[in-house]
Amino acid sequence: MTQLIQLIQEALAFGTVILFGAIGELLTEKSGNLNLGTPGIMYLGGIAGLVGAFFYEAAAGAAASPVMGVLISLVCAFVVAGLGGLIYSFLTISLRANQNVTGLTLTIFGSGVANFLGGSLNKLAGGVGQISIAVTSSGYRAATGLENLGFVGNILFSYGFLVYLAIVIAIVASFFLNRTRAGLNLRSVGENPGTADAAGISVAKNKYLATCIGAGVSGLGGLFYVMDYTKGTWANDGGIERLGWLAVALVIFATWKPVKAIWGSYLFGVLFWMYLYIPGLTRSSQELFKMLPYVVTIIVLIVVSIRKKRENNPPESLGLAYFREER
Amino acid sequence: MSSPKKETRAPLMRISKRAQISTPKAWGIRACALLLSLLVSGLVIYAIVKLNPIKIYVSMFEGAFGTTRRSWSTIRDAMMLLCIGIGLAPAFKMRFWNIGAEGQIQVGGIVTAACMIYFGNSLPPLALFIVMLAASVAAGAVWGLFPAFFKARWGTNETLFTLMMNYVAIQLTSFCVSIWENPAGSGNIGVINQNTQAGWFPPVFGQAYGLNVIIVLTLAVAMYVYMRYTKQGYEIAVVGSSENTARYAGISVKKVYLRTMAISGAICGVAGFVAVSGASHTISVSTAGGQGFTAIIVAWLAKFNTFTMIIIAFLLVFLEKGAVEIASAYNLNDYASSIITGIILFFILGSEFFINYRLIFRRREKKEVSAA
């Protein structure tokens, strides 16, 4: 029983990282931009939060409060990740560069910035050893206070606030896309920018906004990874990059529907951690079990493409730059 | 005397597509972008380490070409990157987003390592060499054919399919590493056949990496000819620019997908072979080490011209080696190279816009009056 609870808790924490990433990417893709820079953007968000908290705690010293640390790092993560989205937007929307190549470059750039700063921040600031942002991290991991309600409390209420924020953002995104006029405009830009343009909807504005805000949301995934998932430390192990790609895959898994992404992300989490809870696995067979989330993603990709339901299709103009004179 | 008809004025600037651009002008624009990006990278470096950027570029050059040994390691890495780029070129020309080079390299490396371990002492060198080459070609091709089959049959999204295949290949590598690990419990397999050197590339012209260069440059020439002068190469170009046109012209799009991805995967598999047998003599989860992604950019920026790729591959490896040198000299970590690479690529990607489009600024209204 405790093992099951542990698995669910780990799955939810894992799922939250990729849920943030996926919702951000989903918003971006709805505008017709396929941003393969999501891992890089999550890196940027993670490191920005870390740097923000690091300097705040260094400046405030013993007086550092978790609330301020959380606020500062949250804003830093969202803004810097959004700036990453802005680079991507400027290149692909204004300069009409190829989206896939730009996205991959952004991933290289973002992981470079993050791993560089994460690895040498302490040295640059004149300290020694690992970065420690214990105060801020504790703010992120402060549970709801209901976690002692036995089994239910353990499973539902034992997490930091970002876990719940991810669910809220997913539901808000779903409402925004399906129930508001602005969401309809955004979807029309992603489906057919020519028609949207003719109807007086600004294609560039919608794409810029969706991509930058989407990037900001994705960045929170990186922030959660740093603050909660790895408990306020940094390791140059490519962890965020793996999860970032899974977030991109989750968008397809969820067939571009935010609410579906919620349970999809937790399912990925279960698949990812399952190998620890299957008795009798040797170390080498564990490695094979770790393939599961990727294999399942591939199977889902195939099934979705075979079923070819109209409502499961990607936005029609996904991956294409829009140039008004090109008809 | 402001005019009330503000809304009727032409926009400040607009863009229009260029019909064509002369080659020198296009390369001039790219060179400008490169210079600008070096300037910006220099500023970034300056902001971090507070050192004269020019000095830093000099020490970067030292890091890449300072000694014969360093030059050869630069050449070795550039050849590796070039090899992958050559593999990716036909796939990308066909607009098949093969993000899975990492995985194709890994499986090529795994089978090469397997051959070295299991046949290293039983086969004569030439036979072993041929077996390793054939095995890596086959493994890479199979890894490439998987996503191609589903793309051809059901239109399955190949970008994510190939991406996920990378991680499957990486887990497969950790699985093999845990079986072959040496010494047991170390988590890696060390140098294979350290004493016998069975399955290692023999030195050519006295250079350990001579054979790497020969293999990769041969591939470069072959791929250039294949894409430019053969019927199959032409079919790739047609499918890439318009599937419907290809179908109308009687080209079997499915067949082209499968054939091209088999070739693409096979060459990436060979890259794995070269990496294991010709360079590291071991296999680990970082054998591909992100080069499968970097090579996409190499292939794309070179417009799939394998000779242009040589220049770009060298540029990127030079930056990486240089950044590693700076990093160790100033006690920073070598991810600085990814930052610089990223900045330079952003600029080069952006410069393509000025090659394909031109900006037309609004003329002053006064001028129009005087002209009329």
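General remarks:
- The one condition in (1) closer than 23 Å to residue B:336 by Cα; (2) away from every other protein chain (no Cβ under 14 Å); (3) among the polar types (S, T, N, Q) that residue A:65 fails to fulfil: (1)
- Count of residues meeting criterion [under 11 Å from the mean Cα position of the chain (by Cα) and either within 14 Å of another protein chain (Cβ to nearest Cβ) or under 19 Å from residue B:290 (Cα atoms) (or both)] in region A:224-254: 10
- Top-ranked residue of region B:197-224 - restricted to ones that are surrounded by 12 or more Cβ atoms within 10 Å (Cβ to Cβ) and among the hydroxyl-bearing types (Ser, Thr, Tyr), ranked as nearest to residue B:69 (Cα to Cα): B:209
- Only a single criterion out of (1) touching a residue at least 12 places away in the same chain (Cβ under 8 Å); (2) surrounded by 21 or more Cβ atoms within 10 Å (Cβ to Cβ) is not satisfied by residue A:233, namely (2).
- Residue among B:290, B:322 that alone is on the phi > 0 side of the Ramachandran plot and at pLDDT below 85: B:290
- Some residue of region B:6-21 being within 14 Å of chain A (Cβ to nearest Cβ) and modelled with pLDDT of 85 or more: no
- Residues that are without any contact (Cβ under 8 Å) to a residue 12 or more places away in the chain, of a type outside the set (Val, Ile, Thr) and touching a helix residue (DSSP H, G or I) at 6+ places or on another chain (Cβ under 7 Å) do not occur anywhere in region A:55-76.
- Filtered residues of region B:300-340 (kept if assigned to a loop (DSSP other than H, G, I, E, B) and of a type in the set (Asp, Glu)): B:334
- Residues in region A:105-133 that are at pLDDT 75 or above and more than 21 Å from the chain's Cα centre (by Cα): A:119, A:133.
- For the residues B:108, B:144, the requirement of being buried (at least 24 other Cβ atoms within 10 Å of the Cβ), closer than 12 Å to residue B:265 by Cβ, at pLDDT 90 or above and touching a Phe, Trp or Tyr at 6+ places or on another chain (Cβ under 6 Å) singles out B:108.
- Residue under evaluation residue A:260, criteria (1) away from chain B (no Cβ under 12 Å); (2) closer than 30 Å to residue A:137 by Cβ; (3) part of a helix (DSSP H, G or I), criterion not met: (2)
- Filter result for the condition that a residue is β-branched (Val, Ile, Thr) and without any contact (Cβ under 8 Å) to a residue 60 or more places away in the chain, over A:180, A:211: A:180
- Residue check, residue B:131 without any contact (Cβ under 8 Å) to a residue 60 or more places away in the chain, assigned to a helix (DSSP H, G or I) and more than 30 Å from residue A:319 (Cβ to Cβ): yes
- Residue B:45 satisfies every condition listed in (1) loosely packed, with under 13 Cβ neighbours inside 10 Å; (2) modelled with pLDDT under 80; (3) part of a helix (DSSP H, G or I) except (1).
- In region B:147-177, the qualifying residues are those that are among the hydroxyl-bearing types (Ser, Thr, Tyr) and in contact with a Gly (Cβ under 8 Å, 6 or more places away or on another chain), and the one that is nearest to the other protein chains (Cβ to nearest Cβ) is B:167.
- Selection of region B:320-356 for residues being closer than 17 Å to residue B:78 by Cα and surrounded by fewer than 21 Cβ atoms within 10 Å (Cβ to Cβ) yields only B:324.
- Residue match in region A:266-273 (condition: among the aliphatic types (A, V, I, L, M), over 17 Å from the mean Cα position of the chain (by Cα) and at pLDDT below 85): no
- Count - residues of region A:274-327 that are within 11 Å of chain B (Cβ to nearest Cβ), more than 22 Å from the chain's Cα centre (by Cα), assigned to a loop (DSSP other than H, G, I, E, B) and surrounded by fewer than 18 Cβ atoms within 10 Å (Cβ to Cβ): 6
- In region A:79-97, the residue that is farthest from the other protein chains (Cβ to nearest Cβ) out of those that are surrounded by fewer than 22 Cβ atoms within 10 Å (Cβ to Cβ) and in a helix (DSSP H, G or I) is A:79.
- In the set B:182, B:195, only one residue is more than 19 Å from residue A:287 (Cβ to Cβ) and modelled with pLDDT under 80; that residue is B:195.
The values are calculated or read from the model by the stated rules, or taken from the named source; none is laboratory data. Note that this is a predicted model, so its numbers are computed, not measured. With ideal geometry, Cβ positions are generated from the backbone for all residues, glycine too; neighbour counts draw on all protein chains shown.
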